Amino acid sequence: MNISTIRVRYAKAFFSLAKEKKMIETFKTDIEKVFDVCNRSSDFILLLESPVVSASKKTELITKIFEGEVNTLTLKFLLLITNNKREPYIPGICRNFLDLIRKDQNIKSALLITASQINTKTIEKIRTLIEKELDSKIELSGQVDSEIIGGLILRIEDLQFDSSVTTQLKKIKQQLLDAEIKY
């Protein structure tokens, strides 16, 4: 079975359970915790991917890590994945589950890249403008990249709006080179 298919099927199954039990927010918080552990701990990823560690040992360790931290149903879900020998796919399953929630709740992710740090008030204004324009809730994160010199780059899911000084300078350079070739 295709790896992507595995991740999507488990995520959809858990999402269906979340909707059925009316526990979307609880499961979302739990899966965010699991995903955070996956992103922060290379040792945890090594544990999941290790063919040497037995399924029973992985089950025991996953229980120790997450028991009391996540809902019992979430823990049972993680153990089901492990018992089915699909534990290396846990990070992808988490990502797909969170994507399903965003889609269901009409939430879009956006990244604002600027040359220098901007204040939270400005970020909130930008987030509000984007929400009005797209008629969606926006999860906006910021990033500083001094390489863009000035202006900003806004990425909303798979769209990018680039009004950085670096890009504008590249366009001018290309126009000058094109004009030079014509003469």
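I need the full set of residues from region 61-75 which are closer than 18 Å to Ala11 by Cα and exposed (fewer than 12 other Cβ atoms within 10 Å of the Cβ), in order please.
Within region 61-75, Thr72 is the sole residue that qualifies.
Of (1) surrounded by 11 or more Cβ atoms within 10 Å (Cβ to Cβ); (2) closer than 30 Å to Met23 by Cβ, Asp135 satisfies all except one. Which?
With (1) surrounded by 11 or more Cβ atoms within 10 Å (Cβ to Cβ); (2) closer than 30 Å to Met23 by Cβ applied to Asp135, the lone miss is (1).
Mind counting the residues in region 75-103 that are under 15 Å from the mean Cα position of the chain (by Cα) and among the charged types (D, E, K, R)?
Of the residues in region 75-103, 4 are under 15 Å from the mean Cα position of the chain (by Cα) and among the charged types (D, E, K, R).
Select from region 88-130 the residues that are of a type in the set (Gly, Ala, Ser) and surrounded by fewer than 17 Cβ atoms within 10 Å (Cβ to Cβ) and write down the one among them that is nearest to Ala11 (Cα to Cα). Full working, then the answer.
Keep residues of region 88-130 that are of a type in the set (Gly, Ala, Ser), which gives 92, 109-110, 115-116.
When the remaining residues are screened for being surrounded by fewer than 17 Cβ atoms within 10 Å (Cβ to Cβ), the result is 109, 116.
Details: Ser109: 19, Ser116: 38 Å.
Filtering first and then ranking leaves Ser109.
Right, Lys85: free of Cβ contacts under 8 Å to residues at least 24 places away in the same chain and either touching a His at 6+ places or on another chain (Cβ under 7 Å) or surrounded by fewer than 18 Cβ atoms within 10 Å (Cβ to Cβ) (or both) or not?
Considered against the rule, which asks whether it is free of Cβ contacts under 8 Å to residues at least 24 places away in the same chain and either touching a His at 6+ places or on another chain (Cβ under 7 Å) or surrounded by fewer than 18 Cβ atoms within 10 Å (Cβ to Cβ) (or both), Lys85 comes out as no.
Leu129 - would you say it is among the aliphatic types (A, V, I, L, M) and touching a strand residue (DSSP E or B) at 6+ places or on another chain (Cβ under 6 Å)?
Judged against the criteria, Leu129 is not a match.
Would you kindly identify the helices (runs of 4 or more DSSP H) lying entirely within region 1-96 that contain at least 1 residues that are of a type outside the set (Gly, Ala, Ser) and in contact with a Gly (Cβ under 8 Å, 6 or more places away or on another chain)?
Of the helices (runs of 4 or more DSSP H) lying wholly inside region 1-96, those with at least 1 residues that are of a type outside the set (Gly, Ala, Ser) and in contact with a Gly (Cβ under 8 Å, 6 or more places away or on another chain) span 3-20.
If I go through region 105-134 residue by residue, how many of them are charged (D, E, K, R) and over 18 Å from Asp158 (Cα atoms)? Lay out the reasoning, then the answer.
Pass one, region 105-134, residues charged (D, E, K, R): 108, 121, 124-125, 127, 131-133.
Okay, now just the ones that are also over 18 Å from Asp158 (Cα atoms), so 121, 124-125, 132.
So the count comes out to 4.
Please work out which residue is surrounded by the fewest Cβ atoms within 10 Å (Cβ to Cβ), limiting yourself to region 150-183 and to residues that are touching a residue at least 40 places away in the same chain (Cβ under 8 Å) and either of a type in the set (Asp, Glu) or not in a helix (DSSP H, G or I) (or both). Let's see the steps before the verdict.
In the first step, residues of region 150-183 are kept if they are touching a residue at least 40 places away in the same chain (Cβ under 8 Å); the result is 152-157, 164-165.
Narrowing further to those that are either of a type in the set (Asp, Glu) or not in a helix (DSSP H, G or I) (or both): 152-157, 164.
Details: Leu152: 18, Ile153: 19, Leu154: 17, Arg155: 16, Ile156: 18, Glu157: 12, Ser164: 20.
Taking the candidates together, the pick is Glu157.
Coordinate-derived values only; no laboratory data. Please read all numbers here as calculations on a predicted model, not as lab measurements. Using ideal geometry, Cβ is built from the backbone for each residue, glycine included, and neighbour counts are taken over all protein chains shown.
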